[in-house]
Amino acid sequence: MAELESLETAAEHERILREIESTDTACIGPTLRSVYDGEEHGRFMEKLEARIRNHDREIEKMCNFHYQGFVDSITELLKVRGEAQKLKNQVTDTNRKLQNEGKELIIAMEELKQCRLQQRNISATVDKLTLCLPVLEMYSKLREQMKSKRHYPALKTLEHLEHTYLPRVSHYRFCKVMVDNIPKLREEIKEVSMSDLKDFLESIRKHSDKIGETAMKQAQQQRNLDNIVSQHPRISGGKKSKKEACASSELEVKNTSPMSEQDSGILDVEDEDEDEEVPGAQDLVDFSPVYRCLHIYSVLGARETFENYYRKQRRKQARLVLQPPSNMHETLDGYRKYFNQIVGFFVVEDHILHTTQGLVNRAYIDELWEMALSKTIAALRTHSSYCSDPSLVLDLKNLIVLFADTLQGYGFPVNQLFDMLLEIRDQYSETLLKKWSGVFRNILDSDNYSPIPVTNEEIYKKIVGQFPFQDAELEKQPFPKKFPFSEFVPKVYNQIKEFIYACLKFSEDLHLSSTEVDDMIRKSTNLLLTRTLSNSLQNVIKRKNVGLTELVQIIINTTHLEKSCKFLEEFITNITNVLPETVHTTKLYGTTTFKDARHAAEEEIYTNLNQKIDQFVQLADYDWMAMEPGSKASEYLVDLIGFLRSTFAVFTHLPGDADAHSTMSGKVAQTACMSACKHLATSLMQLLLEAEVRQLTLGALQQFNLDVEECERKTQSCPLP
């Protein structure tokens, strides 16, 4: 057992020794530790020393074997050292000589190197400048264009510079500066072009009045031309609009603005009889700023922004244009300026619509026109209501018609304007009625209510020419002679005709049928007769100071005016060409008007007579206790009978047939006489039956009877049949 352990220990020590021989000294620690961890380290030390002695003997053997070779090598090495020293000296000497000889060559080579470097740099510089010069030239060109305000070409140059030239030289610092400046330049171009647009908008705002005036002149010329053509109709026929009339001449005109083939603007209307042409919108306003700005914004991708801005600004301008001045109704010029501005605004928008693609569209124009139409109609309704002068209303109507025709020529619907004119027509009729009320009042107030005296044939024909009167008996009478009516008859008749003419003037150019015009004139004339003239006659009849003679003359006058109504009917028929037998034709109510006036005059006569009788009867002073009657009738009664005789003598001048006692004139005279007699009888009866008369004598009764007999006697000798 002990022998087996000894063999294992010896084997272990052998292994450790081999590890020590083959292992790096840095890793020998763990190996030695394993020796000291065991108990046989003494025996290991013995083995280690024995191994060292073996290695020493091997070294000694090897050194002895190679010693002579070593000595020989050292001897050879010493010889080589001497030869090496010689070689070194030769090399050093050769190097010195070479250095001395190569200095000039090195200098020349350095110079050549520098020359080659410069040549390469110059070539590179030329190449780079060849790339950079176009960039700088384009940038210089851009600056020149900006300076000369050629912004659209500048924008094109900027596009070329950014996308074509700068990418080739993008690594240079000056290019980076340019690249940084490009957005600023774009903004500058946008701002400057926007400034030009603002100037343009201000310009068209100022020129709207002139543009509108020009367009309305063209419309007036076109209307005159159409009237001439309608009088000399051609084979082609039909009414052309302003645009169609000028289309052929427009085809030959080349416009410098974009899309000139669609340019309409304000079309020139050339009158063959006039040398002077009316300028169009493009002649009054330079539209190039809006075209440039539109293209610039389109290129910059901001077209929508530009369109919105333009439309917004024009809407604001439209609202300003549509705001009428507060004193517009005072003069026609106020209305004319208002219309000119509106027409000018829409003529410009129509021009923009036809010369740009989409800056404004038909929907936008229609929306603006709807707003303008409603505001214009509201303004006209308000301001025309203040107008009391029919001449101004008529001028306003003609101006509105021209305004409507002008805009209709540019394709705007104007039916609402003509509908509003029918409203103004009613107002015009009212102003005419007010004016004619004053005219009739002046005629009736200034009339002398006496038959018109005629001294010669000329005056006679003049009056017959003014008033349709025919009387064979009067014509046979020698001069001087008298018409049965007073001066207000021909004057009133002529004023009625003047009123009809005034109504007819308003109906012109309203696109109404003859029947509608006839109906309008008849209705207005009926109002004149039944309201205005009737009231004027009633006022004269009801005046406090009107005399019986005047009332009688009024009866005569109204009788003749009543007969003239059929001539007024014929007069209206002649100017409207609508026969009175036509269905729905309104009849004139003049007959009724004059009959009513005559009846009122008759009633006033009866009333006045009765009042006069009452005044005379109030003067009666009967002594009811008198014992004896007087020898004659009472003085008050004699005066009363004298008054009645003179009054009834007036009635003999009433118009009527001499042989027909049942005519209207006879009836008036008879009725007045009967009424007076009846009223007098009643008044005398009342004197007897008064409550104050409590007793009376036979003498008083005889006196009263004497007065009644006087009345009977005078009645029998009355001048009336």
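The values are calculated or read from the model by the stated rules, or taken from the named source; none is laboratory data. Because the structure is a prediction, the values reported are computed rather than measured. Cβ coordinates were reconstructed from backbone atoms using ideal geometry, including for glycine residues, and neighbour counts include every protein chain displayed. Side chains are part of the model used for accessible areas, which takes the heavy atoms of the whole protein and leaves out ligands, DNA and RNA. Shrake-Rupley method; radii C 1.70, N 1.55, O 1.52, S 1.80 Å.
Placing a label point 7 Å from the Cα of ILE182 along the Cα-to-Cβ direction, the residues of region 287-305 with a backbone N closer than 20 Å are 296-303.
Across region 693-711, the residues whose backbone nitrogen lies under 11 Å from the label position 7 Å along the beta-carbon direction of ASP623 are 700. If you plug the beta carbon distance of GLU367 and HIS163 into 1/(1 + (r/R0)^6) with R0 = 45 Å, you get a FRET efficiency near 0.65. Placing dummy labels 7 Å off each Cα toward the beta-carbon, the span from ILE228 to PHE418 is 2.5 nm. For the chain, the residue among ILE555, LEU87, ASN398 whose Cα projects farthest onto the positive side of the dipole built from Cβ charges is LEU87.
Heavy-atom accessible area for GLU710, with the other protein chains in place and a 1.4 Å probe, reaches approximately 30 Å².
Is region 495-558 rounded, prolate or oblate when judged by the Cα gyration tensor, a ≥ b ≥ c being the square roots of its eigenvalues, rounded requiring a/c under 1.5 and prolate requiring a/b larger than b/c? Note, shape of region 495-558 comes out prolate. Note that region 3-19 has calculated 3J(HN,Hα) couplings of 5, 5, 4, 5, 5, 4, 5, 4, 5, 4, 5, 5, 4, 4, 5, 5, 5 Hz, one per residue in order, obtained from phi through the Karplus relation 6.51 cos²θ - 1.76 cosθ + 1.60 (θ = phi - 60°); glycine and proline are x. In this simple spin-label approximation, GLN716 and GLU202 carry label points 7 Å from Cα along the Cα→Cβ vector, and these lie 10.7 nm apart. Taking a point 7 angstrom from the Cα of GLU330 along the C-beta vector, which residues in region 374-409 have backbone N less than 16 Å away? Flagged as within label range: 383-384, 386-389.
Packing around the peptides 553-566, 93-106, taken as the average count of other Cβ atoms within 10 Å per residue, puts them in this order, highest first: 553-566, 93-106. Simple point charges give the picture: +1 on the Cβ of Lys and Arg, -1 on the Cβ of Asp and Glu, and for the chain a dipole about the Cα centre of about 1440 debye.
Since only CYS175, THR530, PRO153 are under comparison, the one whose Cα sits farthest along the positive direction of the charge dipole of the chain, derived from C-beta charges on Lys, Arg, Asp and Glu, is CYS175. Using the structure shown, list the pairs from LYS505/LYS587; LYS375/LYS523; LYS190/LYS316; LYS481/LYS563; LYS434/LYS491 with a Cα-Cα distance above 27 Å, or answer none. Correct reply: LYS375/LYS523. Relative to the longest principal axis of the C-alpha atoms of the chain, give the angle of the C-alpha long axis of helix 332-355, reported between 0 and 90° and rounded to the nearest 10°. Helix 332-355 sits at roughly 40 degrees to that axis. Of the listed residues VAL299, VAL91, VAL414, the order by accessible area with a 1.4 Å probe, largest first, is VAL91, VAL299, VAL414. Shape of region 1-157 from the C-alpha gyration tensor: oblate (a/c of 1.5 or more and a/b not above b/c, with a ≥ b ≥ c the square roots of its eigenvalues). MET674 exposes around 130 Å² of accessible area when a 1.4 Å probe is run over every protein chain in place. In the list (i) 51; (ii) 46; (iii) 68, the label attached to percent of Cα pairs over 41 Å apart as derived from the coordinates here is (iii).
If the chain linking PHE70 and GLN323 were pulled fully straight, counting 0.36 nm for each residue of separation and taking away their Cα-Cα distance, it would gain 78.1 nm. Computed from label points 7 Å out along Cα-Cβ, the spacing between THR591 and TYR501 is 2.8 nm. Helix 173-231 and the longest principal axis of the C-alpha atoms of the chain enclose an angle of approximately 20°. Rounded to the nearest whole Hz, the Karplus-based 3J(HN,Hα) values (6.51 cos²θ - 1.76 cosθ + 1.60, θ = phi - 60°) of region 636-644 follow the sequence 4, 6, 4, 5, 5, 5, x, 4, 5, with x at glycine and proline. Hey, if you put +1 on the Cβ of every Lys and Arg and -1 on every Asp and Glu Cβ in the chain, which of PHE648, VAL35, GLY301 ends up farthest toward the positive end of that dipole? The residue sitting most towards the positive pole is VAL35. Taking every C-alpha pair closer than 8 Å and separated by at least 6 residues, the mean separation divided by the residue count of region 334-414 gives a relative contact order of 36 percent. Kindly provide log₁₀ I(q)/I(0) values, in the same order as q = 0.12, 0.13, 0.15 Å⁻¹, from the Debye equation applied to equal alpha-carbon scatterers of region 492-633. Each listed q corresponds, in turn, to -0.61, -0.67, -0.80. Judged by the ratio a/c of the largest to the smallest principal axis of the C-alpha gyration tensor, region 1-46 counts as prolate, that ratio being 1.5 or greater while a/b is larger than b/c. When the surface is traced with a 1.4 Å probe over the full set of protein chains, HIS383 keeps roughly 20 Å² accessible. Under the convention that each Lys and Arg Cβ holds +1 and each Asp and Glu Cβ holds -1, the size of the dipole of region 31-149 around its Cα centre is about 1040 debye. Ordering TRP369, TRP624 by accessible surface, largest first, gives TRP624, TRP369; the 1.4 Å probe counts only protein heavy atoms, with every chain in place.
Using θ = phi - 60° and the Karplus relation 6.51 cos²θ - 1.76 cosθ + 1.60, list the HN-Hα couplings for region 124-133 in order, rounded to whole Hz, with x at every Gly or Pro. Couplings: 5, 4, 4, 4, 5, 5, 4, 6, 7, 4 Hz.
What the Cα convex hull of region 315-443 gives, in volume per residue, is 91 Å³. Relative contact order, whole percent, for the chain stands at 8, derived from Cα pairs under 8 Å and 6 or more residues apart.
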